[in-house]
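Presented below is the structure to which this report refers.
Nothing in this text is a laboratory measurement; each read-out follows from the coordinates by a stated rule. Values in this document were obtained by computation on a predicted structure and should not be read as measured data. Cβ sites come from the backbone with ideal geometry, for glycine too, and all protein chains shown count toward neighbours.
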Amino acid sequence: MPVEITSRKNDLVKEMLHLSDSAAYRREKRMFAAEGARLCSDAARSGLRIDSLLYTGRAGEKYGSYLDAIRKASPAEYLVSQPVAAYLSGTRSPQGVFCVCAMPETGRPLPAAAKTLLVLEDMQDPANMGAVLRTAEALGIDGVLLCGSCCDAYSPKALRASMGAVFRVPLLRSDDAPAAVRRLNEAGFTTLAAVPDPSAVPVTSLRRGRPTAAVVGNEGSGLTRETQRACSVRVTIPMRGRAESLNAAASAAILMWEMTRAEAGGEGL
């Protein structure tokens, strides 16, 4: 039988709020809080360690099939009151399902067969981060390298936007983007600096060649000059309209699509 929680002052409730609110605390504990029947079920089905499952009585009746998958992975189960669920929720219409999960491993070496990578430098918007990871999974990108002051991929907003992709896309981290790019160059990758500059090489001319990594910068300021200089080639997305640049998530999506399209056939860049 699940343990009942009816107080906002419960230690587990306070722990979950701390995990939701603090990226530093998430990194320290290597844990994060997830919300939503599908997202929590996805974490369990993706093989993450689940420490705790929390749900309301109403959610137990409505989302039984999702909860069954989470129960198989969780050693602890709690029935929370509606007021506690509303207190924990970061959404306007909470489903009443929550879990505490261990983060997947990060910092693993690249797979020997990796051919397509995305490098993000100083991406700040968690919604953009989640959207990028969702696209990376959909297109089969081999890994995403988070560099510099990128926002936390396990923040509540990034988790929701990723639709569970954060659980499955290999994530690597580096404090130094230029150094990371240089290591990729040494490993045989062509590194593409994404810039809004019509004098750069159109990314649509990308053809099959060596393994490729697209490098995308901060939403407002783009890539740092040092990172641009470290890359093999500067590329741009041709635009016919009056917009000077694209949203970072949109740019990353186009670059990833072009990388995977090029990997399917053609000659070198």
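Checking every one of the GluC sites (Glu not before Pro) in region 177-256 against DSSP loop status and a limit of 14 other Cβ atoms within 10 Å picks out Glu244. Taking Cα atoms only, the orientation of helix 11-21 departs from the longest principal axis of the chain by about 20 degrees. Helix 248-263 and the long axis of the chain differ in direction by around 60°, with both axes built from C-alpha atoms.
Please state, as a whole number in µm²/s, the translational diffusion coefficient that the Stokes-Einstein equation yields for the chain at 4 °C and 1.567 mPa s, with Rh defined as the Kirkwood radius across alpha carbon pairs. Value of D from the Cα-based Kirkwood radius: 66 µm²/s. Overall size of region 21-167 from C-alpha positions, given as principal axis extents largest first: 46, 28, 27 Å. Cross-link partners of Lys72 among lysines, defined as those whose alpha carbon lies under 22 angstrom from its own and excluding same-chain residues fewer than eight positions apart: Lys62. Applying the criteria of a DSSP loop state and at most 11 other Cβ atoms within 10 Å to the chymotrypsin sites (Phe, Trp or Tyr not before Pro) of region 4-82 yields no site. Normalised by the number of residues in region 116-263, the mean separation of alpha-carbon contacts (under 8 Å, six or more apart) gives a relative contact order of 29 percent.
Dividing the radius of gyration of the alpha carbons in region 116-263 by their Kirkwood radius gives 0.93 for Rg/Rh. In order along region 56-62, the Karplus-derived 3J(HN,Hα) couplings, from 6.51 cos²θ - 1.76 cosθ + 1.60 at θ = phi - 60°, round to 8, x, 4, 5, x, 6, 8 Hz, and Gly and Pro are given as x. Between Arg225 and Lys29, the FRET efficiency from the beta-carbon distance, with R0 = 30 Å, is close to 0.25.
Each 5 Å bin from zero up to the one holding the largest Cα-Cα distance in region 3-102 carries the following percent of pairs: 2, 15, 27, 26, 20, 8, 1, 0.
Considering only beta bridges that DSSP places wholly inside the chain, some 30 percent are antiparallel. Maximal additional length on extending the Asp176-Arg71 stretch stands at 33.8 nm, based on 0.36 nm per residue less the C-alpha distance. Computed from backbone phi, the HN-Hα couplings of region 230-235 come to 6, 6, 5, 8, 8, 10 Hz, rounded to whole numbers (Karplus: 6.51 cos²θ - 1.76 cosθ + 1.60, θ = phi - 60°; Gly and Pro given as x).
Pair-distance distribution of region 168-244: all C-alpha pairs, bin width 10 Å, starting at 0; shares per bin in whole percent are 18, 49, 29, 5.
Computed about its Cα centre, the charge dipole of region 64-130 is approximately 220 debye, with only Lys, Arg, Asp and Glu carrying charge at their Cβ. For the chain, the Cys residues with no second cysteine's beta carbon closer than 4.7 Å are Cys101, Cys147, Cys150, Cys151, Cys231. Contact order for the chain, expressed relative to its length and based on alpha carbon pairs under 8 Å spaced 6+ residues apart, stands at 18 percent.
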